[in-house]
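Take a look at the structure below.
The values are calculated or read from the model by the stated rules, or taken from the named source; none is laboratory data. This is a predicted model, so every value here is computed, not measured. Here the Cβ positions follow ideal geometry from the backbone for every residue, glycine too, while neighbour counts run over all protein chains shown.
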Amino acid sequence: MLLRNIWVLSLVIVTSATDIVYYTCTCQGVSNCNGNKCLGIKCFVTEQKTNEYGDVIRSRGCFNESLNEQCHSRIEILASWCCTSDFCNENFTIYKPVEKPRDTSLLLVTVLPIVLFVIILMLFIFLFWKMKQSGRKKSLPRLLTTDFEHTDIVNASIVGDSTLGDLLDCTTGSGSGLPFLVQRTVARQVTLVECVGKGRYGEVWRGLWQGENVAVKIFSSRDEQSWFRETEIYNTVLLRHENILGFIASDMTSRNSSTQLWLITHYHDNGSLYDYLQRTTVDPEGCLQLAVSIIFGLVHLHVEIFGTQGKPAIAHRDLKSRNILVKSNKQCCIADLGLAVVHSQNSEYLDIGNNPRVGTKRYMAPEVLDETIRTNSFESYKQTDVWAYGLVLWEICRRTIINGMVEDYRPPFYDMVPHDPSFEDMKKVVCVDQQRPNVPNTWSSEKILSALMKIMRECWYQNPSARLSALRIKKTLNNLKNSLEQRKQDC
Ligand code: ADP
Ligand code: MG
């Protein structure tokens, strides 16, 4: 019986001993760790939440008693969990972390003002650039404000190996000049050679374009309006005429951080009529040729041509011998259109331009000097051109040899006003005293000069509307020229 009891007891003990299984657990944050391990019947994890985002104080360890109530409980912020396998508590977490919202306050305080500042700055730069662009566009002719984006490669291919003649021949249809891109390309291929003239508003250089001479008028930046006006007028359709200076290109560039305004035209080696008359005398036929060519040019400016390919009427407003060039064929062409006014009957449109420049005092008509000119009437401007044309005729006639005699070159009113006359000097002579250039008697002894003498006097009427029109002068001089040629042929 005892033996049997011992056997049963030992069996119970063995059975109990074999029932208790020990596991090796991860041990962290508790006191009975053996290193970071411990041996127990269960492994546990306990967590105490410190905030709503799941930040916890966590401990892992071993239970050596069966404290089931401590397992798998969650009381408010305290939770525990048990498991039964080796290191089963190693990676287990009870409270899953909640994604924390970023700390935006720091972001708002530091980054946002910088971003806002950059945006505002960029906005200002953009607005400033826009304003500059629109300002520039306002002050640029339409042709020059289109399509700045094309590359020079494209332009160069347009120009290719053409000569100026080739290029300009292509434009004879409209007579308005080269397309803007070609103008710009040509302008940028010009090399300046020598300064050949100085006007009041800039310098004129002889330049070379693909071996051909061109004239480059370089405007000072303060005279942008003259450049703009001249460019605009030269780009007017049908302006091309043998007695108007041939326009090639206009260009505005930024060189050495300053704006350069170029106007490129045909080059005339003889220079201005003023220069030509200083060094040259002419015979009466030569005188007539100069006079006829100038009036042809002036009439072409003054008339309005109707139709889709038409041209508005243009008055020069600064006609004088310095603004007329002498071509190699001894015909003249009218230059310097920086002060011109444009008129179109159809649209009742008078464009006086926006140029602070005024004409040359010595050549000013009486109504300009006494300021009675009707500034809103286009006719008035044509009449002032006719006054000036009469003075130019007088300058040419003085240099014409009659019976072996010729006068020295002199500017109009040379004997009545000082070298650089003031407005008041001119007004006294022309309006108050109503003086006119002296016309020598010898002129009346020669057919051409006597005709020119008569014309110039009719250009100098005090009353502007009594003066001849340019068209009338053209017809008279053309008739005279034809009759002389006829007589030559008859002989
Ligand atoms: P500004 O507007 O400054 O008066 P101009 O166009 O009248 O300029 O030219 C000034 C001078 O330059 C002229 O008087 C002439 O001597 C010279 N010049 C102008 N254009 C040419 C040209 N195409 N060929 C040769 N000389 C020229
Ligand atoms: Mg001039």
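Taken over region 201-231, residues that are more than 8 Å from ligand 1 (Cβ to nearest atom), at pLDDT 85 or above and among the small types (Gly, Ala, Ser) amount to 2.
Consider region 229-247 and keep the residues that are within 16 Å of ligand 2 (Cβ to nearest atom) and assigned to a helix (DSSP H, G or I). The one that is surrounded by the most Cβ atoms within 10 Å (Cβ to Cβ) is Glu230.
Let's see how each residue does on (1) more than 16 Å from ligand 2 (Cβ to nearest atom); (2) among the charged types (D, E, K, R); (3) at pLDDT below 95; (4) under 21 Å from Tyr363 (Cβ atoms):
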position	(1), (2), (3), (4)
Ser254	yes, no, yes, no
Thr281	yes, no, no, no
Glu285	yes, yes, no, no
Leu290	yes, no, no, yes
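Which one is nearest to ligand 1 (Cβ to nearest atom) among residues in region 180-200 that are under 14 Å from Ile248 (Cα atoms) and in a loop (DSSP other than H, G, I, E, B)? Of everything passing the filter in region 180-200, Val190 is nearest to ligand 1 (Cβ to nearest atom).
State whether the residues of region 352-359 include one that is within 16 Å of ligand 1 (Cβ to nearest atom), among the aliphatic types (A, V, I, L, M) and closer than 15 Å to Leu238 by Cβ. Before the answer, list the steps.
Of region 352-359, the ones within 16 Å of ligand 1 (Cβ to nearest atom) are 353, 355-359.
So of that shortlist, the ones also among the aliphatic types (A, V, I, L, M) come out as 358.
Now drop any that are not closer than 15 Å to Leu238 by Cβ, which leaves none.
The answer is no; no qualifying residue exists.
Do we have any residue at all in region 317-327 that's among the polar types (S, T, N, Q) and under 34 Å from the mean Cα position of the chain (by Cα)? Checked against the condition, which is being among the polar types (S, T, N, Q) and under 34 Å from the mean Cα position of the chain (by Cα), region 317-327 yields at least one hit. Screening Arg322 with (1) crowded, with 22+ Cβ neighbours inside 10 Å; (2) within 16 Å of ligand 2 (Cβ to nearest atom); (3) not in a loop (DSSP other than H, G, I, E, B) gives one miss only, at (1). Name the residue, out of Leu290, Leu261, Leu277, that is within 16 Å of ligand 1 (Cβ to nearest atom), among the aliphatic types (A, V, I, L, M), touching an Asp or Glu at 6+ places or on another chain (Cβ under 9 Å) and part of a helix (DSSP H, G or I). Selected residue: Leu277, the only one of Leu290, Leu261, Leu277 that is within 16 Å of ligand 1 (Cβ to nearest atom), among the aliphatic types (A, V, I, L, M), touching an Asp or Glu at 6+ places or on another chain (Cβ under 9 Å) and part of a helix (DSSP H, G or I).
Pick out the one residue from Gln383, Gln345 that is touching a residue at least 24 places away in the same chain (Cβ under 8 Å) and either more than 25 Å from Lys475 (Cβ to Cβ) or out of contact with any Asp or Glu (no Cβ under 7 Å at 6 or more places or on another chain) (or both). Please lay out each step first, then the result.
Working: Gln345 fails: either more than 25 Å from Lys475 (Cβ to Cβ) or out of contact with any Asp or Glu (no Cβ under 7 Å at 6 or more places or on another chain) (or both).
Unique residue meeting the criteria: Gln383.
Starting from residues that are surrounded by fewer than 19 Cβ atoms within 10 Å (Cβ to Cβ) and over 19 Å from Tyr461 (Cα atoms), keep the ones in region 368-401 and report whichever is farthest from the chain's Cα centre (by Cα). Don't jump to the end; show me each part of the working.
Of region 368-401, the ones surrounded by fewer than 19 Cβ atoms within 10 Å (Cβ to Cβ) are 370-377, 379, 401.
Filter once more, so that each one left must be over 19 Å from Tyr461 (Cα atoms): 376, 401.
On the way: Asn376: 30, Ile401: 50 Å.
Among those that are surrounded by fewer than 19 Cβ atoms within 10 Å (Cβ to Cβ) and over 19 Å from Tyr461 (Cα atoms), it is Ile401.
Here the condition is being part of a loop (DSSP other than H, G, I, E, B), away from ligand 2 (no atom under 16 Å from the Cβ) and of a type in the set (D, E, K, R); of Lys382, Lys330, it holds for Lys330 alone. Taken together, the residues in region 412-454 that are among the β-branched types (Val, Ile, Thr), assigned to a helix (DSSP H, G or I) and over 29 Å from Lys481 (Cα atoms) amount to 3. In region 293-348, the residue that is farthest from ligand 1 (Cβ to nearest atom) out of those that are in contact with a Pro (Cβ under 7 Å, 6 or more places away or on another chain) and within 26 Å of Leu261 (Cα to Cα) is His343. With respect to being at pLDDT below 85 and exposed (fewer than 11 other Cβ atoms within 10 Å of the Cβ), Ser80 falls outside the description.
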